[in-house]
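Novice: Take this structure, written in structure tokens, and hold onto it; I'll ask about it next.
The values are calculated or read from the model by the stated rules, or taken from the named source; none is laboratory data. Since the model is a prediction, treat every value here as computed from it, not as a measurement. We place every Cβ from the backbone using ideal geometry, glycine too, and count neighbours over all the protein chains shown.
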Amino acid sequence: MSLFWQCLVDSLLLGGLYSLMSIGLSLGFGVTRIINFAHGEMIMFGAYGAYFGSVLLGVDPLLSLPLVAILVAVTAAVVFKALIEKVLDAPHINQILLLFGISLALQNVAAILWTGDARSVSTPYSLTAFEFETLLVPHGRVIAFATAVVLIVALFCWLRFSELGRATRAVAENGQAATLMGINVSRMYMLSFGINAALGAATGAISAFLLTITPFMGFHMLIKAFAIVVLGGLGSVTGTILGAFALAFAETWVSYYVPEGNGWAEGVAFVVLLCVLIIRPKGILGQAVAVH
Amino acid sequence: MTTLLNVEGLRAGYQDSIVLQDISLSVNQGEVVALLGANGSGKTTTMRALTGLIRPFGGKITFAGQDLLAVEPHKRVDLGIALCPEGRQVFPNISVEENLFLGSFCKRSRPDRKQTLDSVYSLFPKLAERREQKAGLMSGGEQQMLAVGRALMSKPTMLLLDEPSLGLSPKMVQILFGAIGQVARSGISILLVEQNAQAAFAVASRGYAISMGRVTASGTITELTKSGALQSSFLGSHQPAATA
């Protein structure tokens, strides 16, 4: 029975992190209709930002998170304006190739700058945990979960109640009609891409004290985030959160209950991706996105 | 009477197909002008060129003395020109009230949006009843009211209406054109695209008949109906129609 509760708690905590990891990707796609295949690198840069903040300046990753997120967001917005904006109307294959190209370039820039060495950030809460009888709840995971919840709630409030948040939803639903409202659609694209990047970088900053940091860490996070977004339904931010928890539960359950499950858990995302595409291509909450 | 909108020799289309060959028209302050013609004659393309959704190949558009083509599409609302587009184009998953607030996104109309909202609700009481509902869940007629209301939220001096009667029941057309008449009496200039000529005549004082991307006739509604220019414009007669 204790294994069951441990599994449940681990799934929930992981689900929070996965929600934050994929929600930016989902929002960015919903607005610009471009899948940011360089999303993993935004996570990676966020993680390095937090790492250097901690090692060089002695700043806790949670404190450097806002600054790191803003820096990555501004850089991403510049890249969007300079490169991605030019392929908005291009065929999807061109968009995918460009974003993958940016992703590869960024990975290798990071490898040149900071070598391929694996790094990690140690914080006072990295190795401690709450203990309830046999149940073990690491402090770091709880803090990561709480940070993710705060950021996601902030994002929802912004989308729901602010003028720009409302305009973002309008652009996601109908870009031409949004133009008729006086909304500068290309600026909203840039903004939502920047927010996508900021949320990625924030994910990286909190992964810094949970995971190993390398220049190539972003790729498998991208795959998972992509599987989550497809599972939840492309363009549905609420669906993404459902998808994140679904993947977190599936992975954790596999790693606990399947023999040699730790290795298999990493493959769950691919299985989920395949099953969704075959059984329900529009995902849990997705609206059918017809592309011609 | 001062001219509010003036279009001269407008040529426009999509990629390599030219839809508008030569469109010239004008709308005076406080006037309701109808743009009439059959399917594919270029009415909607004219509207899209006016709001900047497409970039014309040639010609001139001036609005309130300003060269409209030099103004970015999203900034044209700020000048006081608002389009209620063909097929309504409301934001389906956003509530009615938020759709209306989006209509007053531009800086000029944002400060007194509460008052404007009240006046839109009194023009279309149905929208007030449905304010919390998602726009996509309403009937076609209600969505059309919302689209008109949303355009009015920007406090335009000129309202462009693209086929407001499309797909509506006769009863709904009557209600809608009653409201459009009310808007016109409040002093807002209107350029109205319609296939339902009868409905258009109820509110418009002047009209242009267009066919194959050209203006084939223009004049007051009485002149247009008498000359038979409308029939030829709708039925696609190839004889040059007399300009009334």
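Novice: Being at the interface with chain A (Cβ under 8 Å from one of its Cβ atoms) and either buried (at least 22 other Cβ atoms within 10 Å of the Cβ) or under 21 Å from B:Ile18 (Cα atoms) (or both) is the filter here; which residues of the range B:47-75 pass it?
Specialist: If the condition is that a residue be at the interface with chain A (Cβ under 8 Å from one of its Cβ atoms) and either buried (at least 22 other Cβ atoms within 10 Å of the Cβ) or under 21 Å from B:Ile18 (Cα atoms) (or both), then B:Thr51, B:Gly52, B:Leu53, B:Pro73, B:His74 are the ones that fit.
Novice: While we're looking at this one, here's another question. Tell me the residue from B:Gly141, B:Gly136 that is within 14 Å of chain A (Cβ to nearest Cβ), free of Cβ contacts under 8 Å to residues at least 60 places away in the same chain, closer than 19 Å to B:Ser169 by Cα and not aliphatic (A, V, I, L, M), please. Let's see the steps before the verdict.
Specialist: Numbers: B:Gly141 fails: within 14 Å of chain A (Cβ to nearest Cβ).
Every option except B:Gly136 fails the conditions.
Novice: Sticking with this structure for a sec: The conditions are (1) facing another protein chain (nearest Cβ under 9 Å); (2) surrounded by fewer than 17 Cβ atoms within 10 Å (Cβ to Cβ); (3) closer than 30 Å to A:Leu285 by Cβ, and B:Gly87 fails exactly one of them. Which is it?
Specialist: Of (1) facing another protein chain (nearest Cβ under 9 Å); (2) surrounded by fewer than 17 Cβ atoms within 10 Å (Cβ to Cβ); (3) closer than 30 Å to A:Leu285 by Cβ, only one is false for B:Gly87: (1).
Novice: A follow-up question, please. Among B:Ala197, B:Ala217, B:Ala151, which is the only one that is more than 26 Å from A:Asn174 (Cβ to Cβ) and within 15 Å of the chain's Cα centre (by Cα)? Talk me through it step by step, then tell me what you get.
Specialist: Numbers: B:Ala217 fails: within 15 Å of the chain's Cα centre (by Cα); B:Ala151 fails: more than 26 Å from A:Asn174 (Cβ to Cβ).
Just one listed residue meets the conditions, B:Ala197.
Novice: Give the residues of the range B:12-34 that are charged (D, E, K, R) and either in a strand (DSSP E or B) or surrounded by fewer than 15 Cβ atoms within 10 Å (Cβ to Cβ) (or both), sorted by residue number.
Specialist: Of all residues in the range B:12-34, those charged (D, E, K, R) come to B:16, B:22, B:31.
Scanning the range B:12-34 gives B:Asp16, B:Asp22.
Novice: Counting only residues that are at the interface with chain A (Cβ under 8 Å from one of its Cβ atoms) and not in a helix (DSSP H, G or I), which one in the range B:90-100 is nearest to B:Thr3 (Cα to Cα)? Let's see the steps before the verdict.
Specialist: Applying the first criterion (at the interface with chain A (Cβ under 8 Å from one of its Cβ atoms)) to the range B:90-100 yields B:90-94, B:98.
Retained after the next criterion (residues that are not in a helix (DSSP H, G or I)): B:90-94.
On the way: B:Val90: 30, B:Phe91: 33, B:Pro92: 36, B:Asn93: 39, B:Ile94: 37 Å.
Looking at the filtered set, the residue picked out is B:Val90.
Novice: Separate question: Here is a check on your reading of the model: is B:Lys60 modelled with pLDDT of 95 or more, of a type in the set (D, E, K, R), touching a helix residue (DSSP H, G or I) at 6+ places or on another chain (Cβ under 8 Å) and part of a loop (DSSP other than H, G, I, E, B)? Steps first, please.
Specialist: Numbers: modelled with pLDDT of 95 or more: yes; of a type in the set (D, E, K, R): yes; touching a helix residue (DSSP H, G or I) at 6+ places or on another chain (Cβ under 8 Å): yes; part of a loop (DSSP other than H, G, I, E, B): no.
When the stated conditions are applied, B:Lys60 does not pass them.
Novice: Related question: Sort out which residues of the range B:93-131 are among the small types (Gly, Ala, Ser) and surrounded by 20 or more Cβ atoms within 10 Å (Cβ to Cβ), and write them in order of number. Show your work before the answer.
Specialist: If we filter the range B:93-131 for residues that are among the small types (Gly, Ala, Ser), which is where we start, we get B:95, B:103-104, B:109, B:119, B:122, B:128.
Within the range B:93-131, B:Gly103, B:Ser104, B:Ser109 qualify.
Novice: Could you list all residues from the range B:101-119 that are more than 8 Å from every other protein chain (Cβ to nearest Cβ), not in a loop (DSSP other than H, G, I, E, B) and not small (Gly, Ala, Ser)?
Specialist: Correct list: B:Arg113, B:Lys114, B:Gln115, B:Thr116, B:Leu117, B:Asp118.
Novice: Checking the structure you have, find out if any residue of the range A:249-267 is under 16 Å from A:Phe145 (Cβ atoms) and among the aliphatic types (A, V, I, L, M). Steps first, please.
Specialist: Taking the range A:249-267 first, the residues under 16 Å from A:Phe145 (Cβ atoms) are A:249, A:251-252.
Imposing the further condition that a residue be among the aliphatic types (A, V, I, L, M) reduces the set to none.
Checked the range A:249-267: no residue is under 16 Å from A:Phe145 (Cβ atoms) and among the aliphatic types (A, V, I, L, M).
Table: residues versus (1) within 24 Å of B:Ser165 (Cα to Cα); (2) touching a residue at least 24 places away in the same chain (Cβ under 8 Å); (3) aromatic (Phe, Trp, Tyr).
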residue: B:Ser26; (1), (2), (3): yes, no, no
residue: B:Val33; (1), (2), (3): yes, yes, no
residue: B:Ala38; (1), (2), (3): yes, yes, no
residue: B:Lys43; (1), (2), (3): yes, yes, no
residue: B:Arg76; (1), (2), (3): no, yes, no
residue: B:Ser95; (1), (2), (3): yes, yes, no
residue: B:Cys106; (1), (2), (3): no, yes, no
residue: B:Ser109; (1), (2), (3): no, yes, no
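Novice: With the condition being in contact with a strand residue (DSSP E or B) (Cβ under 8 Å, 6 or more places away or on another chain), within 14 Å of another protein chain (Cβ to nearest Cβ) and without any contact (Cβ under 8 Å) to a residue 40 or more places away in the chain, I'd like the helices (runs of 4 or more DSSP H) fully within the range A:115-197 carrying at least 1 qualifying residues.
Specialist: Numbers: elements: A:139-161, A:163-173, A:175-180.
Here the list reads A:175-180.
Novice: Only one of A:Val171, A:Val121, A:Val137 is at pLDDT 95 or above and not hydroxyl-bearing (Ser, Thr, Tyr); which? First the steps, then the outcome.
Specialist: Numbers: A:Val121 fails: at pLDDT 95 or above; A:Val137 fails: at pLDDT 95 or above.
Matching residue, one of A:Val171, A:Val121, A:Val137: A:Val171.
Novice: Just the residues that are among the basic types (Lys, Arg), surrounded by fewer than 18 Cβ atoms within 10 Å (Cβ to Cβ) and part of a helix (DSSP H, G or I), please, taken from the range B:132-175. Give the steps one after another, and end with the answer.
Specialist: Restricting attention to the range B:132-175, the residues satisfying the condition of being among the basic types (Lys, Arg) are B:134, B:150, B:155, B:171.
Still in the running and surrounded by fewer than 18 Cβ atoms within 10 Å (Cβ to Cβ): B:134, B:171.
Matches in the range B:132-175: B:Lys171 only.
Novice: Just to be sure, is A:Phe226 under 27 Å from A:Thr123 (Cα atoms), of a type in the set (A, V, I, L, M, F, W, C) and part of a helix (DSSP H, G or I)?
Specialist: Details: under 27 Å from A:Thr123 (Cα atoms): no; of a type in the set (A, V, I, L, M, F, W, C): yes; part of a helix (DSSP H, G or I): yes.
Criteria not met by A:Phe226.
Novice: With respect to A:Thr252, is the statement that it is polar (S, T, N, Q) and within 25 Å of A:Val9 (Cβ to Cβ) true?
Specialist: On the way: polar (S, T, N, Q): yes; within 25 Å of A:Val9 (Cβ to Cβ): yes.
Criteria met by A:Thr252.
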